[in-house]
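**Student:** Got a structure for you, questions after.
The values are calculated or read from the model by the stated rules, or taken from the named source; none is laboratory data. Note that the structure is a prediction, hence the values are computed from the model and not measured. Cβ atoms come from the backbone with ideal geometry, glycine included; neighbour counts cover every protein chain shown.
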Amino acid sequence: MNMETRAWLYHQFKGLVLITVISLILAVGTNIFRSDPVQWVEKRKFLKAGDRFPYVPFPSSHVSGYKDYLGLPTDKEIITISDFKTDLLLIEVLNVFCFPCQTQSLVLNNLRQLIEERPDLRNRVKIMGVAMGNTKEAVTDFVSTYGLKFPVIPDPEVRSEKIVCPGIYTPFSIFIRLNVSEKNGLVAGTHPGLIEDQQVMLEGLLTLLTAEPGSIGMENLFKTEKRQ
């Protein structure tokens with residue numbers, strides 16, 4: 001084997017090793033973020049507990065059938081978070097084609113039922129979905145297919161991603177305290193990924209409802225193991 005052939009093989013080997021290393025780094029990094037969504041949020045600097053919720057106007061027609069439920073005025077065409085009459089608002093950022101989001105929506109359906117069964121909570125905690133990247137038609141089909149009992153707002157222009165963080169990982173739950181001095185409320189906490197148990201979710205909501213916004217560690221608040 002002459003020197004030119006050896007040099008060519010050496011450079012080919014170096015290129016193959018470099019590609020393999022880069023692929024492994026990307027694969028491991030992706031798995032870390034997917035298996036530990038809390039760590040993923042910290043890396044991406046999402047909207048977090050203690051932040052003021054941004055001013056986000058949207059047409060009231062998106063929630064026309066739920067104005068009584070959300071405590072919204074009937075005479076306004078454009079509404080914002082400050083118009084909601086509740087103490088704690090759960091905004092679920094989802095996508096109708098995302099399987100974990102579909103599962104989460106059923107959990108939220110059950111959660112709303114648990115809340116409605118409690119007179120001390122039914123006017124203090126509300127739920128609303130925001131369907132990131134989905135049209136009104138897709139959202140209508142989604143709500144009908146899964147029999148959802150809470151409003152889901154279409155967000156075809158992906159405005160919710162710009163509010164929370166570019167590259168948002170759905171489902172993503174935002175808990176907003178509205179019984180505070182800030183006009184648009186304060187973020188009480190956020191949770192990336194699926195919460196599988198509505199009872200655990202209810203217990204977490206009760207904690208967020210009374211605690212100082214930003215004072216609760218979210219890492220373990222919604223873990224199913226806490227009930228075992």
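**Student:** Checking V63 against (1) closer than 22 Å to K223 by Cα; (2) at pLDDT 55 or above, only one condition comes out false. Which one?
**Tutor:** Tallying (1) closer than 22 Å to K223 by Cα; (2) at pLDDT 55 or above, V63 fails exactly one: (1).
**Student:** Kindly list, by first and then second residue, each pair from a residue in the range 160-177 that is part of a loop (DSSP other than H, G, I, E, B) and of a type in the set (A, V, I, L, M, F, W, C) to a residue that is at pLDDT 75 or above and surrounded by fewer than 22 Cβ atoms within 10 Å (Cβ to Cβ), limited to pairs with Cβ atoms under 6 Å and residues at least 6 apart or on different chains.
**Tutor:** Filtered contacts from the range 160-177: I168/E161.
**Student:** Something else now. Could you list, in sequence order, all residues of the range 179-209 that are in a helix (DSSP H, G or I) and either under 18 Å from T80 (Cβ atoms) or among the hydroxyl-bearing types (S, T, Y) (or both)? Write out each step before concluding.
**Tutor:** Going residue by residue through the range 179-209, those that are in a helix (DSSP H, G or I) are 198-209.
Matches in the range 179-209: T207 only.
**Student:** Take the range 166-181 and flag every residue that is surrounded by fewer than 17 Cβ atoms within 10 Å (Cβ to Cβ) and in contact with a helix residue (DSSP H, G or I) (Cβ under 9 Å, 6 or more places away or on another chain). Walk me through it before giving the result.
**Tutor:** Applying the first criterion (surrounded by fewer than 17 Cβ atoms within 10 Å (Cβ to Cβ)) to the range 166-181 yields 166-167, 179-181.
Those that are surrounded by fewer than 17 Cβ atoms within 10 Å (Cβ to Cβ) and in contact with a helix residue (DSSP H, G or I) (Cβ under 9 Å, 6 or more places away or on another chain): P166, G167, N179.
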